[in-house]
1. Specify which of the listed residues (Ser180, Ser211) is open to solvent by 10 Å² or more (accessible area, probe 1.4 Å), under 23 Å from Ala312 (Cβ atoms), of a type in the set (Gly, Ala, Ser) and in contact with a strand residue (DSSP E or B) (Cβ under 8 Å, 6 or more places away or on another chain).
2. Can you confirm whether Lys246 is of a type outside the set (S, T, N, Q), more than 14 Å from Glu294 (Cα to Cα), exposed (fewer than 13 other Cβ atoms within 10 Å of the Cβ) and out of contact with any Cys (no Cβ under 8 Å at 6 or more places or on another chain)?
3. Quick check: is even one residue across segment 195-202 in a loop (DSSP other than H, G, I, E, B) and at pLDDT below 95?
4. Hey, among Ser47, Ser17, Ser25, Ser32, which residue is at pLDDT 90 or above and among the polar types (S, T, N, Q)?
5. Return the only residue of Ile298, Ile228 being in contact with a strand residue (DSSP E or B) (Cβ under 9 Å, 6 or more places away or on another chain) and hydrophobic (A, V, I, L, M, F, W, C).
6. Looking at segment 95-111, which of the residues that are open to solvent by less than 30 Å² (accessible area, probe 1.4 Å) and either at pLDDT 75 or above or out of contact with any strand residue (DSSP E or B) (no Cβ under 6 Å at 6 or more places or on another chain) (or both) is farthest from Leu131 (Cα to Cα)?
7. Restricting to segment 117-142, name every residue that is under 21 Å from the mean Cα position of the chain (by Cα) and part of a helix (DSSP H, G or I).
Amino acid sequence: MMSAKKKNISGVSEDVSASIKKDLSSKVIDTSRLFYDRKLAISISESEDLEYLGFSIEHLQDAMVEFARHSLIQGAQLIYGGDLRKDGFTLILSDLSYQYRDKNEYKKEYVFNYSSYPIYLNFKPTDELELKKNRVKLVKVAPPKNIKKISESYFPPVTLEQKTEWADSLTKMRIEMNESSDARIFLGGRCSGYSGSMPGLLEEALISIKSNKPTFLIGAYGGVTAEIIKAIQGKDFERLSEVYQKKNDDYAKFFDHYKKVNYTELVNSLKHFGIKSLSKNNGLTEDENMILFETKNISEMIFYVMKGLKKALK
């Protein structure tokens, strides 16, 4: 009897994994700098589903590192919206930017880290200097015009007025971030416990899809991205609904005060967009997008995203 093929942590046999890596090195990862000066936005954050799915935050970080590494090798510049929390994704990208810098382009910035008002008011000068050293440009997005009294110091979102200012500022940041990007990649994302008007990755995905950017949805890590995938496929879902979101009493009070979010309309727009439009925009077939929706193998994720980018950004 033949022995079973050994599987890695993602559940993919070693021969399949080796084949994908071979394809990556021979077809995608070469010296042609496929995405030179293209700006790729990576939307990624921790998901409540990680442990249930058999993952940890380290698995999500590994995926981020691999996507960033392959993109930087191909000459891309990365866009990310995040803070400077210890061991967070911003600092991981900063370290990668330093490691993969091209000494022949010593003035080039490799990562653009977008930060909204009032979050960037909490950054220390030493934090900004460290980012600059690593060729990371900190993009401080100005407050929306509807905020009349601009604070000169950081404040947390505690009162309804403060939460409204945070939500409007985050929306403005996400719009500007999208305008600067050529394509978007989505992984994970919290369905609750966020500071904006809705889950952050949901808002970013809606903005990306509405603007017809090449958008790649990776469902392995659950969270908001998995819920978006369900909606696009016309499947049943729960967490992208007003009923689910308002289970959080604090958010329910803010939602009723804010009056700018309609989850039924948002989800219907995703359903109407569908996998056909997603495929038209991101350079992959519907079957290939289905693989991205489901695969747990990082090499496979990278292969299909790079394949789609190569076609969509040509």
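The values are calculated or read from the model by the stated rules, or taken from the named source; none is laboratory data. Computed from a predicted structure; not experimentally measured. Cβ coordinates were reconstructed from backbone atoms using ideal geometry, including for glycine residues, and neighbour counts include every protein chain displayed. When the accessible area is computed, the model is the full protein with side chains, heavy atoms only, and any ligands, DNA or RNA have been set aside. Shrake-Rupley method; radii C 1.70, N 1.55, O 1.52, S 1.80 Å.
1. On inspection, the qualifying residue turns out to be Ser180.
2. Details: of a type outside the set (S, T, N, Q): yes; more than 14 Å from Glu294 (Cα to Cα): yes; exposed (fewer than 13 other Cβ atoms within 10 Å of the Cβ): no; out of contact with any Cys (no Cβ under 8 Å at 6 or more places or on another chain): yes.
Spelling it out, it is not the case that Lys246 is of a type outside the set (S, T, N, Q), more than 14 Å from Glu294 (Cα to Cα), exposed (fewer than 13 other Cβ atoms within 10 Å of the Cβ) and out of contact with any Cys (no Cβ under 8 Å at 6 or more places or on another chain).
3. Yes, some residue in segment 195-202 is in a loop (DSSP other than H, G, I, E, B) and at pLDDT below 95.
4. On the way: Ser17 fails: at pLDDT 90 or above; Ser25 fails: at pLDDT 90 or above; Ser32 fails: at pLDDT 90 or above.
Among Ser47, Ser17, Ser25, Ser32, only Ser47 is at pLDDT 90 or above and among the polar types (S, T, N, Q).
5. On the way: Ile298 fails: in contact with a strand residue (DSSP E or B) (Cβ under 9 Å, 6 or more places away or on another chain).
That would be Ile228, the only listed residue that is in contact with a strand residue (DSSP E or B) (Cβ under 9 Å, 6 or more places away or on another chain) and hydrophobic (A, V, I, L, M, F, W, C).
6. Applying the first criterion (open to solvent by less than 30 Å² (accessible area, probe 1.4 Å)) to segment 95-111 yields 96-97, 108, 110-111.
Next, only the ones that are either at pLDDT 75 or above or out of contact with any strand residue (DSSP E or B) (no Cβ under 6 Å at 6 or more places or on another chain) (or both) stay: 96, 108, 110-111.
Details: Leu96: 11, Lys108: 13, Tyr110: 11, Val111: 9 Å.
Looking at the filtered set, the residue picked out is Lys108.
7. Correct list: Ile119, Tyr120, Leu131.
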